[in-house]
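This report concerns only the one structure given below.
Every number here is computed from the coordinates shown, using simple stated rules; none is lab data. No experiment lies behind these values; they were computed from the predicted model shown. In this analysis, Cβ positions are derived from the backbone assuming ideal geometry, glycine residues included, and neighbour counts consider all displayed protein chains.
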Ligand SMILES: [Zn+2]
């Protein structure tokens, strides 16, 4: 579907107040012109014309302001994952109307089969007469005979996909992302939506949307706001806090080992810290929704809310809690980065097809980078914890051969068809992890060029100040901000690091901040004690045996021709049952050759794998012994916290 000019129009003139501002401004201009004595009549004529145009918009907007779509969602039998949806649309002047369900949802740049849960679709006019309809593609219902009629749609939705964060209904709750539940038409997209839920007794409903006339009614300014404001209704725990005249809510569904008072305290810290980057908050109310459950983990950002899913017993230990609060920080950063400013190509959202951009690495990877800024500066994560998270990211990067084949710009464009696993690791990069490194490089480059006066935080501040919706930004805009911030041209850098596959040398980068990488605490990394034999194979649990999930490109197993889904049955003629092959490998040394017996599509095969040595210990990033004053200052400017002295 073409991006509508009406989008820009409604965003610019989105309320009647704007009209009065325009009108007052015009009368001021007229008064000023009269005072200046500069041929007021000519100006007056022009102003009369402008007022006439404004009046036209006024009529358009007032009609627009009162027109709305009624959405009724009835969850009478939640145990069967079903909802009955009824939609009432305003009268239209056209003979046929296309009603769409989006083919993706915001926050996940992949097409989804959202329309597959729709059954028992009917269309009627306001007298109850049946209107004919047929599907013209998988997501589009075309209703005919609609001229000068109000349209009433009704259909059933099957909602049983918790982990996709699209729609889930059971006997204890419902999570509804409207892109998976509510249809729209081109004519209705920019109209107000009034959503009325009918839910079992004792359920409580929450959303980032404004509340309506009762506890289960919500009002959306338009369809875009509706689909970017999921609804959580059910049996849940609810908490509130207030900061700088804004309301924050925490809604938790499910049981688990979480401590909601600690969560609440730390979420307040994230809120306070974010202001230091963006200067203000683009909302009046924000809702943190948490699912403590089984079989679902992950999170999605929305315009003034987020949904965070975690395994129910993954909240309590320090490691697990850090996981939770890091995710919360990531999603909260998105409140600005993507919900307030986002790349051209993703503005406005086109819900029916892929929205292409070379900059999704900046949307996701920079969010992963900035999350640590909130955590470190708010003392929610120690410097040591940050350095071990960084070491983990570098380790994953080193074992990702795909970085030589795909740039972050290409990965952004192809996010819609990206794959994980073996293929993803060996031949592609990920916008989150590699986008993190691109952001880190930019941050250090800015700190360097401005003698620590500016950082990558300033770039995001400027994206927010200059490119807020309904505007967007492109690659030239980002380079323009970089030039403005540092006084230097970033064209070559951009070509090399964003469109190219330049290798990062982490040693000199870390040295700037007085840090170094090593695999063993002060030990000789060349000694045998600190090395182990390595194949390059990763395995997974399978009923069939030790199944290969991935083989790192150019590793010994790759050279020997082993590949994913091969089932290893023996090493050197002896059966292997442990899923962890590396346990067996401890009996071997680097340079030894082992014979691997495996099944490939039921056929027994053999391969000789010549083992190589890799470090036994995990990569560590530690402060150097005698860091200079400059290095310590660099660390402080980068992280906001004091340099951690060597222990
Ligand atoms: Zn994200």
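Contour minus end-to-end for residue 580 and residue 474, with contour as 0.36 nm per residue of separation and end-to-end as the Cα-Cα distance?
Working: separation 106, 0.36 × 106 = 38.16 nm, distance 4.60 nm.
My answer for the length gained is 33.6 nm.
With the radius of gyration and the Kirkwood radius both derived from the Cα set of segment 281-403, what is their ratio Rg to Rh? Don't skip to the end; give the middle numbers.
Working: Rg = 15.9 Å, Rh = 16.1 Å.
Rounded to two decimals, Rg over Rh is 0.99.
How large is the direction-averaged shadow of the alpha-carbon convex hull of segment 68-235, in nm²?
Details: hull surface 36.8 nm².
If I average the Cα hull's projected area over directions, I get 9.2 nm².
State the percent of C-alpha pairs, over all pairs in segment 528-615, separated by a distance greater than 15 angstrom.
On the way: 2034 of 3828 pairs.
That fraction is 53 percent.
May I ask for the angle, rounded to the nearest 10°, between helix 475-486 and the longest principal axis of the chain, with both axes built from Cα atoms and the value confined to 0 to 90°?
Roughly 70 degrees, rounded to the nearest 10.
Between residue 613 and residue 384, what's the calculated FRET efficiency when r is the beta-carbon distance and R0 is 30 Å? Round to 0.05. Please list the in-between numbers first.
On the way: r = 28 Å, r/R0 = 0.94.
About 0.60, to the nearest 0.05.
Pulled fully out, how much extra length does the chain show between residue 641 and residue 122, if you take 0.36 nm times their separation in residues and subtract their Cα-Cα distance? Could the numbers behind the result be given before it?
Working: separation 519, 0.36 × 519 = 186.84 nm, distance 6.03 nm.
180.8 nm is the gain from fully extending residue 641 to residue 122.
So, R0 is 35 Å and r is the distance between the beta-carbons of residue 419 and residue 541; what FRET efficiency does that work out to, to 0.05?
0.95
Calculated FRET efficiency, residue 214 and residue 170, Cβ-Cβ r, R0 22 Å, to nearest 0.05? Walk me through the numbers before you get to the answer.
Working: r = 23 Å, r/R0 = 1.06.
Efficiency, from the Cβ-Cβ distance: 0.40.
Determine the gain in length on full extension of the stretch residue 202-residue 93; use 0.36 nm per residue of separation and subtract their C-alpha separation, reporting nm with one decimal.
Values: separation 109, 0.36 × 109 = 39.24 nm, distance 4.28 nm.
Net length gain for the segment: 35.0 nm.
When the Kirkwood hydrodynamic radius is evaluated over all pairs of different C-alpha atoms of the chain, what value in angstrom, to one decimal, is obtained?
28.0
Jot down the per residue volume, in cubic angstrom and as a whole number, of the convex hull over the alpha-carbon atoms of segment 230-271.
For segment 230-271, the hull spanned by Cα atoms encloses 86 Å³ per residue.
Mind giving me the nanometre distance, one decimal, between the label points for residue 80 and residue 353, set 7 Å out from Cα along Cα→Cβ?
3.8
Roughly what angle does helix 40-66 make with the longest principal axis of the chain, taking Cα atoms, 0 to 90 degrees, to the nearest 10?
70
Measure nothing fancy, just the Cα-based angle from helix 629-639's long axis to the longest principal axis of the chain, in degrees from 0 to 90, nearest 10.
The two axes meet at around 50 degrees.
Using 7 Å Cα-to-Cβ label points, what is the residue 280/residue 592 separation (nm, one decimal)?
Using points 7 Å along Cα→Cβ, the separation is 6.8 nm.
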